[in-house]
Amino acid sequence: MTVERTQLEGVLLIKPEAFRDFRGEYVEIYNEELYRKNGIEVAFIQDDISMSYKNVLRGIHGDDLTWKLISCLHGEFYLVVLNYDKSSPDFGKWQSFTLSDKNRHQVLVPPKFGNGHFVLSERAIFHYKQSTYYDPGKQFTVKWNDPRFNISWPVKDPILSKRDELGRRG
Ligand SMILES: Cc1cn([C@H]2C[C@H](O)[C@@H](COP(=O)(O)OP(=O)(O)O[C@H]3O[C@H](C)C(=O)[C@H](O)[C@H]3O)O2)c(=O)[nH]c1=O
């Protein structure tokens, strides 16, 4: 595996090793000892997946406590990670990544960063390990096209939940 720093302080791009043969492929998408040795010393306690159809955009969501290790189990999506730490000089800085079941890339997202993903394939399965238990009341929501951040997306009119359309819950 390789672990690379990104343009965002604390956000890492991880490239696990994929073992391919005539049957298909095998990938370790998490191994506590190996990931700790590579500087990922987060105690993950919950795994989630969401399956989304083409043109769905989920996010931008985050909170002040949770670390997330994001993988793409099936298909392909465009992922945006945004520094939403209002006390940070890098507040509003963002970076995009394309994760797929071909490149098997992963992204480590620290607390106070938001993430949003837009599905490029017919279907995509978004997986993440997280370091806290789900608490919707603690999450923040940022509109995918918030004019403050000028985020580039490969879409003009994505499919959104009501929350993501409003940029807030309720
Ligand atoms: C996040 C989460 C959701 N749920 C249930 C609660 C809702 O009835 C349903 C859909 O939840 P939500 O509409 O918040 O899902 P997304 O809009 O995809 O948002 C989630 O996925 C984006 C990409 C994030 O990174 C956020 O962490 C998370 O908010 O799943 C749970 O039971 N456990 C959970 O940890």
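Here are the numbers for the structure shown:
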| quantity | calculated |
| --- | --- |
| Residue that is open to solvent by 10 Å² or more (accessible area, probe 1.4 Å), part of a strand (DSSP E or B) and more than 15 Å from the ligand (Cβ to nearest atom), where the choices are 30, 26 | 26 |
| Selected residue (criterion: surrounded by the fewest Cβ atoms within 10 Å (Cβ to Cβ)) from residues of segment 101-122 that are of a type in the set (S, T, N, Q) and farther than 17 Å from residue 152 by Cα | 103 |
| Some residue of segment 80-90 being of a type in the set (Gly, Ala, Ser), within 16 Å of the ligand (Cβ to nearest atom) and either more than 15 Å from the chain's Cα centre (by Cα) or closer than 21 Å to residue 116 by Cα (or both) | no |
| Scan of segment 64-100 for residues that are open to solvent by less than 30 Å² (accessible area, probe 1.4 Å), within 18 Å of residue 15 (Cβ to Cβ) and either acidic (Asp, Glu) or out of contact with any Ser or Thr (no Cβ under 6 Å at 6 or more places or on another chain) (or both), ordered by number | 68, 69, 70, 71, 77, 79, 81, 97, 99, 100 |
| Selection count, segment 113-170, where residues are among the polar types (S, T, N, Q) and within 11 Å of the ligand (Cβ to nearest atom) | 6 |
| When residues of segment 134-163 are limited to those that are of a type in the set (Ser, Thr, Tyr) and either under 15 Å from the mean Cα position of the chain (by Cα) or within 13 Å of residue 64 (Cα to Cα) (or both), the one modelled with the lowest pLDDT | 134 |
| Inter-residue pairs, beta-carbon under 6 Å, first within 9 Å of residue 111 (Cβ to Cβ) and in a loop (DSSP other than H, G, I, E, B) and in segment 59-79, second within 10 Å of the ligand (Cβ to nearest atom) and open to solvent by less than 30 Å² (accessible area, probe 1.4 Å), 6+ apart | 66/130 |
| Single match in 135, 101 (criterion: without any contact (Cβ under 8 Å) to a residue 40 or more places away in the chain and among the acidic types (Asp, Glu)) | 101 |
| Selection status of residue 130, touching a His at 6+ places or on another chain (Cβ under 6 Å), at pLDDT 95 or above and at negative phi | no |
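The values are calculated or read from the model by the stated rules, or taken from the named source; none is laboratory data. Model, not experiment: these values are computed from the prediction. Virtual Cβ from ideal backbone geometry, glycine too; neighbours counted across all protein chains shown. Side chains included, ligands, DNA and RNA excluded: accessible areas come from the protein's heavy atoms. Shrake-Rupley method; radii C 1.70, N 1.55, O 1.52, S 1.80 Å.
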